[in-house]
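These notes concern the structure reproduced below.
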Amino acid sequence: MNLTGQPVRQKQGRAPKAPRKALPPRSPKREAYMRSKERKAAQKHMAAVAQLPCLVCGCYGVEVHHEGKPRSDWNVLPLCPRHHRREFGPTAYHYSPKAFYAAHGPSKALLDRVAQQLRALEDDCLAASF
């Protein structure tokens, strides 16, 4: 009983959720790649690209966009959220890839710019160490 003399009502329990399906097992080839030096090098490359400014506006705080098919951790572009995500409108890659390429150049040219920026960054780091 509570203070009003009414019986205490408890919340009804929810029906238990169905257990999630297990993820399919990875293939032996995929498992070998996940442990390989090649994957570690690709992850290091993506981390370096994430330190670059946005290719479009030059601001920092970028997201790494995987370019081309099949997806590769080597073919990535640094794009700020405004130029990457669909919800930011017509200037964003995921809003309209065709319009993005028309405004900023083809995929190959963008990847070349990223490689050039990485080389310049590497040269600056080497020069600073001497």
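Computed from Cα positions, the angle between helix 37-50 and the longest principal axis of the chain comes to roughly 90 degrees.
Highest GNM mean-square fluctuation among 40, 69, 98, for the chain modelled with Cα contacts below 10 Å: 69. Ordering 20, 26 by the number of other Cβ atoms within 10 Å of each residue's own Cβ, fewest first, gives 20, 26. Counting charges near residue 61 (Lys, Arg +1; Asp, Glu -1) among other residues having Cβ under 15 Å from its Cβ returns a value of +1.
Alpha-carbon geometry of region 32-125: the Rg and the Dmax are 13.6, 40 Å, given in that order. For region 91-105, 3J(HN,Hα) computed residue by residue from phi via the Karplus equation (6.51, -1.76, 1.60; θ = phi - 60°) reads 7, 7, 4, 6, 6, 7, x, 4, 5, 4, 5, 5, 7, 10, x Hz, glycine and proline entered as x.
Using the count of nearby Cβ atoms within 10 Å as a rough guide to exposure, how do 66, 104 rank from fewest to most? Write out the running numbers ahead of the final one.
Numbers: 66 14, 104 18.
Fewest-to-most Cβ neighbours within 10 Å comes out as 66, 104.
Amide H contacts under 5 Å for residue 65: 77, 79, restricted to partners 5 or more places along the chain or on a different chain, H placed in the peptide plane at 1.01 Å from N. For residue 37, a cut-off of 27 angstrom between C-alpha atoms picks up these lysines, skipping any fewer than 8 places away in its own chain: 29, 69, 108. 3J(HN,Hα) couplings calculated from phi for region 70-79 with the Karplus curve 6.51 cos²θ - 1.76 cosθ + 1.60 (θ = phi - 60°) are, in sequence order, x, 4, 9, 6, 8, 9, 10, 10, x, 10 Hz; Gly and Pro show x.
Quick note: the coordinates plus some simple rules give every number you see, no bench work behind them. Given the structure is predicted, the values throughout are model-derived calculations rather than measurements. Glycine gets a Cβ as well: all are built from the backbone with ideal geometry, and neighbour counts include every protein chain shown.
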